[in-house]
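Structure record follows, encoded as C-alpha cells.
The values are calculated or read from the model by the stated rules, or taken from the named source; none is laboratory data. From a predicted model like this one, the values you see are computed outputs, not experimental measurements. For neighbour counting, all protein chains shown are included, and Cβ atoms are generated from backbone atoms with ideal geometry for every residue, glycine included.
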C-alpha cells in the first residue's frame with residue numbers, strides 16, 4: 001500500500017492520535033476502531049500509523065501521524 005507521508009497529521013502525543021480517530025466519521029456515518037498501531041520511519045522521520053476499521057461498514061482506513069515533535073524525547 002502506498003502511503004502519503006507528506007499528508008501526515010502532526011500531533012504532540014499518542015492520546016491526541018486516538019482522539020483524532022475517535023472524532024473521525026466514516027463515509028457511511030460509522031465510527032472507527034483501531035485494530036493495530038505501527039511505528040514507521042520514512043526519510044529520517046518517524047510516523048505512527050493507526051490501522052482502523054469502520055465499525056459499521058467494515059471499511060479499512062489508515063491514519064498517518066507525524067510524531068517527530070515528541071518521539072524519542074524525554075517525558
- Message: Restricting to the stretch 14-57, name every residue that is in contact with a helix residue (DSSP H, G or I) (Cβ under 9 Å, 6 or more places away or on another chain) and in contact (Cβ under 8 Å) with a residue 40 or more places away in the chain.
- Response: 45, 47
- Item | Filter result (part of a loop (DSSP other than H, G, I, E, B) and surrounded by 10 or more Cβ atoms within 10 Å (Cβ to Cβ)) within the stretch 30-52 | 30
- Has the stretch 53-60 got any residue that is in a strand (DSSP E or B), at negative phi, surrounded by fewer than 15 Cβ atoms within 10 Å (Cβ to Cβ) and under 13 Å from the mean Cα position of the chain (by Cα)? yes
- Item | Residue ID - modelled with the lowest pLDDT, chosen from residues in the stretch 1-29 that are touching a strand residue (DSSP E or B) at 6+ places or on another chain (Cβ under 8 Å), part of a helix (DSSP H, G or I) and more than 13 Å from residue 67 (Cβ to Cβ) | 7
